[in-house]
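A short worksheet on the structure shown next.
The values are calculated or read from the model by the stated rules, or taken from the named source; none is laboratory data. Please read these numbers as outputs of a predicted model, since none were measured by experiment. FYI the Cβ positions are ideal-geometry reconstructions off the backbone, even for glycines, and counts take in every protein chain you see. Surface areas here come from the heavy atoms of the whole protein model, side chains and all, with no ligands, DNA or RNA. Shrake-Rupley method; radii C 1.70, N 1.55, O 1.52, S 1.80 Å.
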Amino acid sequence: MSEFLRNNWFVVVIAVIIIAFVSYFIYDENKYNVSAKSDSDGNQVVASIDKKDITANDIYDQSAPFDTALLYNLYHNQVVDQSVKTTDDLDEKAKDLKKTIEQNVSSSSSQNSESQIETELASFGYNGIDQLYDYCLMTVKEAKMQRDYIEDHFDEVTPALQEKKPRTISIISMQVQDLAALTEDEQKKKDNIDSALSSGSFADAATAYSEDTATASDDGFYGYVDANSVNSQYSTLNAQVIQAALNLEKDQTSDWIEVTDSSSGLKYLYKVHVDETDIQSIWDSKNETVSNNILSAFLTANQGLSVKIVQENAKDLDIEFKDEDVQKRIEDYINDQTGGNSNEE
């Protein structure tokens, strides 16, 4: 399972974005290309962003009551779509993301996987799996918008993340029968790893001896972690190992860490090595998974940053609210998410 998640970062990113930000769903721009305060069907237009309207019917469905978060998401969706041009690169990323989700659904052992995804998409305003590409395009467009903002405000947003002790790490693991009494073969392998570490690099030792196949094939490289990873439900690494990594400096290697998996009861020995602690170096990483993880980390560490980025981009758009209650609800939501600092430069 851990190998699958590390090799399919898109799925993890989607889950994190959905739960943490409640901000990704799409609209049919032609359907809502209306004028004045109502469309041809008499639907009330509550707001207009660069001449594209949000109607009252966008806020209500057949059974859902008025929802402020949903209203903000409609507003957010328009801002993201109009602030970021759809390039060939973003189109390809959206298609890759869609393909990954579809593969995940088809390979799942649960017969309800597709219906569960459709239910979740519908809860964010999508008309089921048919709009999966639209959702994916919106996701990658907002990620670009967020990257551009962080790049321009790097010194401003870095201190909050620095407190979380961000770093990239590598690991070596071996499974054992009894942590208190290793077999002869287990002790021999443990000694071989210790010898390899004392005479060579962590990468070489991991490649030669680690039983974590996903990382062993990449010189033991696991990826990005910080203090939030310790209790994260999305982490694929035991909390004890992550905590040990947080207590190390760059280029340091831990002592042996004894781990018993809480779900399987299997027992492991781990070594963890800190590869990098400099935020700028991690941000500039060519590793796509690391790049996406630190983007998420910046957004998590800085309260309301994702909403603030939307607001910064909204300043460049022609936004007109045609319903004072709608405007107030959106503004109140934004202030609540950003702690009232959404308009600070």
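Any idea which of (1) part of a helix (DSSP H, G or I); (2) open to solvent by 30 Å² or more (accessible area, probe 1.4 Å) is the one Lys85 doesn't satisfy?
Result: Lys85 passes all but (1).
For residues that are part of a helix (DSSP H, G or I) and not hydrophobic (A, V, I, L, M, F, W, C), scanning just segment 155-169, find the one that is surrounded by the most Cβ atoms within 10 Å (Cβ to Cβ).
Thr158
Return the residues of segment 190-215 that are open to solvent by less than 50 Å² (accessible area, probe 1.4 Å) and touching a strand residue (DSSP E or B) at 6+ places or on another chain (Cβ under 8 Å); say none if nothing qualifies.
Listed by number, the residues that qualify are Lys190, Ile193, Leu197, Phe202, Ala203, Ala205, Ala206, Ser210, Asp212, Thr215.
So, in segment 284-308, of the ones that are open to solvent by less than 30 Å² (accessible area, probe 1.4 Å) and under 15 Å from Gly339 (Cβ atoms), which residue ends up nearest to the chain's Cα centre (by Cα)?
The qualifying residue nearest to the chain's Cα centre (by Cα) is Leu299.
Only one of (1) in contact with a helix residue (DSSP H, G or I) (Cβ under 6 Å, 6 or more places away or on another chain); (2) at pLDDT 95 or above is not met by Phe321, so which one is it?
Status for Phe321: all satisfied but (2).
In segment 326-342, how many residues are open to solvent by 50 Å² or more (accessible area, probe 1.4 Å) and either closer than 17 Å to Asp152 by Cα or touching a strand residue (DSSP E or B) at 6+ places or on another chain (Cβ under 8 Å) (or both)?
Matching residues across segment 326-342 total 1.
Residues in segment 246-287 that are part of a helix (DSSP H, G or I) and free of Cβ contacts under 8 Å to residues at least 60 places away in the same chain: how many?
1
Looking only at residues in segment 223-239 that are crowded, with 21+ Cβ neighbours inside 10 Å and in contact (Cβ under 8 Å) with a residue 60 or more places away in the chain, which one is nearest to Ala160 (Cα to Cα)?
So, considering only residues that are crowded, with 21+ Cβ neighbours inside 10 Å and in contact (Cβ under 8 Å) with a residue 60 or more places away in the chain, the one nearest to Ala160 (Cα to Cα) is Asp226.
Which of the residues that make up segment 152-179 are over 26 Å from Val259 (Cα atoms) and among the charged types (D, E, K, R)?
The answer is Asp152, Asp155, Glu156, Glu163.
For segment 262-276, does any single residue satisfy the condition of being among the hydrophobic types (A, V, I, L, M, F, W, C) and surrounded by fewer than 20 Cβ atoms within 10 Å (Cβ to Cβ)?
yes
Among the acidic types (Asp, Glu), within 27 Å of Ile150 (Cβ to Cβ), under 21 Å from the mean Cα position of the chain (by Cα) and in a strand (DSSP E or B) - does that describe any residue in segment 225-244? Quick ask: steps written out before the conclusion?
First pass over segment 225-244, keeping only residues among the acidic types (Asp, Glu): 226.
Now restrict to residues that are within 27 Å of Ile150 (Cβ to Cβ): 226.
From the residues that got through so far, the ones that are under 21 Å from the mean Cα position of the chain (by Cα) too are 226.
Adding the requirement that they be in a strand (DSSP E or B) leaves none.
The answer is no; no qualifying residue exists.
Could you check Ala122 against (1) in a helix (DSSP H, G or I); (2) small (Gly, Ala, Ser); (3) crowded, with 17+ Cβ neighbours inside 10 Å; (4) modelled with pLDDT under 95 and say which number it fails?
Going through (1) in a helix (DSSP H, G or I); (2) small (Gly, Ala, Ser); (3) crowded, with 17+ Cβ neighbours inside 10 Å; (4) modelled with pLDDT under 95 one by one, Ala122 breaks only (3).
Test Gly304 against the stated conditions and say whether it is small (Gly, Ala, Ser) and at pLDDT below 90.
Values: small (Gly, Ala, Ser): yes; at pLDDT below 90: no.
Against the criterion (small (Gly, Ala, Ser) and at pLDDT below 90), Gly304 does not qualify.
Can you find a residue that is aromatic (Phe, Trp, Tyr), surrounded by fewer than 16 Cβ atoms within 10 Å (Cβ to Cβ) and modelled with pLDDT under 95 anywhere in segment 65-74?
Taking segment 65-74 as the starting set, the residues that turn out to be aromatic (Phe, Trp, Tyr) are 66, 72.
Going one step further and asking which of them are surrounded by fewer than 16 Cβ atoms within 10 Å (Cβ to Cβ), we end up with 66.
Pick out the ones that are also modelled with pLDDT under 95 and you get 66.
For segment 65-74, residues aromatic (Phe, Trp, Tyr), surrounded by fewer than 16 Cβ atoms within 10 Å (Cβ to Cβ) and modelled with pLDDT under 95: present.
Write out, first by first residue and then by second, each pair whose Cβ atoms fall under 8 Å of each other, whose residues are 6+ apart or on separate chains, and whose first residue, in segment 165-176, is under 10 Å from Lys271 (Cβ atoms) and in contact (Cβ under 8 Å) with a residue 60 or more places away in the chain while the second is part of a strand (DSSP E or B) and among the hydroxyl-bearing types (Ser, Thr, Tyr).
Ser170/Tyr222; Ile171/Tyr222; Ile171/Tyr270; Ile172/Tyr270; Ser173/Tyr268; Ser173/Tyr270; Met174/Tyr268
If you check every pair at least six apart or on different chains, which have Cβ atoms under 8 Å apart with a residue in segment 313-325 that is open to solvent by 60 Å² or more (accessible area, probe 1.4 Å) first and a residue that is not in a strand (DSSP E or B) second?
Qualifying pairs under 8 Å: Asp316/Ser83; Asp318/Asp50; Asp318/Lys51.
Output the number of the condition that Lys99 fails; it satisfies all remaining conditions of (1) under 21 Å from the mean Cα position of the chain (by Cα); (2) open to solvent by less than 60 Å² (accessible area, probe 1.4 Å); (3) without any contact (Cβ under 8 Å) to a residue 24 or more places away in the chain.
(2)
Just give me the residues in segment 213-271 being of a type in the set (Ser, Thr, Tyr), under 14 Å from Asn293 (Cβ atoms) and at pLDDT 95 or above, in sequence order.
Tyr222, Tyr224, Ser229
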